[in-house]
Amino acid sequence: MPRASKLLPSIGHAASGAGGTIISTLATYPLDLVNTRLKVQRQLRADGTIGPEDGYRGIADAFATIYAAEGHDGGLAGLSAFFSGLGADLGKSAADSFLFFLFYTWFRARRLRSRDVPYLNALEELAVGAAAGACAKLFTTPASNVVTRRQTASLLQPRGGDDADTSKEDSKSFGELIADIRRERGLMGLWAGYSASLVLTLNPSTTFFLQQMLKRGLVPRERWDAPGAAVTFFLAAVSKCAATTLTYPFQIAKARIQVSASPAPSPSPPPPGDKTRTGAQGKEQNALTRVARDTIFATVVRIARAEGVKALYDGIGGELLKAFFNHGTTMLSKDIIHRLLVRLYFVVVAALEGLPRLKARLVERQQAVADDLRGSYLRVLLNMTESSWEGGARYVRTAISDGGKVVVGTLNGSLKDGEGI
């Protein structure tokens, strides 16, 4: 891991990136839900999962249909239909962003130290970004599968179907959906679409690369560190749209792999004399066949051959609109949060550095108070001793005087008694 001097900036960028991602996800989640459904509806029609009349004709129709069919309460309460699966997506997105920035900073620092250079070239920057994305997706792909299931749960229910079944499907917890995926596809099914994620790691790395290139070409050098809110938003949004256009077919393939939960059909019985393996070995072969079939490149080729190249760009308009606002908001929010974290860091450091001096002043004040109390006590004690001494002396003198009188009286009385005898 990087040294402490490298770790703290990494954590700062990771935390601010996660915070910016949460804000942008909240702002664009309805559009993300619609885009996911548009990506998979063609496959669901072909599989017979939904009818020919089910699905949506475009973004506007999707919003209107979801609100009318799933926003049962109407009004503002009906908008909750557009936030199905939001909790899981917020957690996944925040973790994804946090891990990406952590791994990115770590890999980049190690590469710079190994080469002893102040910066990396373009290919190295892309490679570092891709490696960081691959490591982050390794941890968040199961959550991504759950989010896709939650977003398409209502679409999988036929229109006019039982609302209770739809509500039951939508209300499943994160753990229940994980168990469903594992039961339907096995343990590796939780990482369905990970091969697509590996390819899609080029999306953030390409985005940051294009953003740096645009900043160097359009922004004066003296403003590179602080180009301004509007410029930051625009550069981030445009670079994200360009990267999304390049990688969108793989996003289509990933969504279809994740939403296709039904197991592969059982193979027909082998002809007599065929030595095809059956039982556990046959199931293992089927699992391997399904894994090979669901690889990202095989899925892209299969979609292009069966449905045409146009199918690889279903819903790209909505995805570009989401990418523009999502990434622009993410980077703008990240910069604001990062500045706040930096200020908070210096406030805490100043407080910690001033603590010893404050403690020393408190000790000095405590010592002064103790000295004052000790002096007051001694003065009171001294006053009490003088008074007691004077009183004691008077008492002794009185006692001696009284005692002398008693002795004299006694002696006189004795003498008189003797004379009388």
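Under the condition of being hydrophobic (A, V, I, L, M, F, W, C) and either open to solvent by 40 Å² or more (accessible area, probe 1.4 Å) or not in a helix (DSSP H, G or I) (or both), which residue from segment 74-89 is modelled with the lowest pLDDT? Among residues in segment 74-89 that are hydrophobic (A, V, I, L, M, F, W, C) and either open to solvent by 40 Å² or more (accessible area, probe 1.4 Å) or not in a helix (DSSP H, G or I) (or both), the one modelled with the lowest pLDDT is ALA77. Contact map, segment 299-312: residues that are farther than 15 Å from ARG45 by Cα paired with residues that are open to solvent by less than 30 Å² (accessible area, probe 1.4 Å) and charged (D, E, K, R), Cβ distance under 8 Å, separation 6+ or inter-chain. Pairs shown: THR299/ARG256.
Only one entry in GLU364, GLU386, GLU319, GLU353 is charged (D, E, K, R), at pLDDT below 80 and within 30 Å of ALA14 (Cβ to Cβ), namely GLU353. Entry remark, segment 129-188: residues being at pLDDT below 85 and among the polar types (S, T, N, Q) number 9 in total.
Residue by residue, here is whether (1) in a helix (DSSP H, G or I); (2) surrounded by 19 or more Cβ atoms within 10 Å (Cβ to Cβ) holds:
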{"residue": "LEU99", "(1), (2)": "yes, yes"}
{"residue": "PHE103", "(1), (2)": "yes, yes"}
{"residue": "ARG113", "(1), (2)": "yes, no"}
{"residue": "LEU120", "(1), (2)": "no, no"}
{"residue": "GLY133", "(1), (2)": "yes, yes"}
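Out of SER10, SER24, one residue alone is open to solvent by less than 20 Å² (accessible area, probe 1.4 Å), closer than 20 Å to PHE325 by Cβ and either at pLDDT below 85 or touching a helix residue (DSSP H, G or I) at 6+ places or on another chain (Cβ under 7 Å) (or both). It is SER24. For the structure I just gave you, tell me whether TYR67 is open to solvent by 20 Å² or more (accessible area, probe 1.4 Å) and more than 23 Å from LEU321 (Cα to Cα). The answer is no for TYR67.
Taking every residue in segment 44-73 that is under 15 Å from LEU33 (Cβ atoms) and assigned to a loop (DSSP other than H, G, I, E, B) and pairing it with any residue that is open to solvent by less than 30 Å² (accessible area, probe 1.4 Å) and of a type outside the set (S, T, N, Q), at least 6 positions away or on another chain, the pairs with Cβ-Cβ distances below 7 Å are TYR56/ARG37; TYR56/LEU38; TYR56/ALA62; GLY71/GLY78; GLY71/ALA81. No other residue among THR244, THR299, THR295 is of a type in the set (Val, Ile, Thr), open to solvent by less than 60 Å² (accessible area, probe 1.4 Å) and modelled with pLDDT under 85 apart from THR295.
Residue count for segment 195-230 satisfying the condition of being under 22 Å from the mean Cα position of the chain (by Cα) and either open to solvent by 50 Å² or more (accessible area, probe 1.4 Å) or closer than 13 Å to LEU126 by Cβ (or both): 8.
The values are calculated or read from the model by the stated rules, or taken from the named source; none is laboratory data. Source: prediction; values computed, not measured. Here Cβ is always computed from backbone atoms with ideal geometry, including for glycine, and neighbour counts include all displayed protein chains. When the accessible area is computed, the model is the full protein with side chains, heavy atoms only, and any ligands, DNA or RNA have been set aside. Shrake-Rupley method; radii C 1.70, N 1.55, O 1.52, S 1.80 Å.
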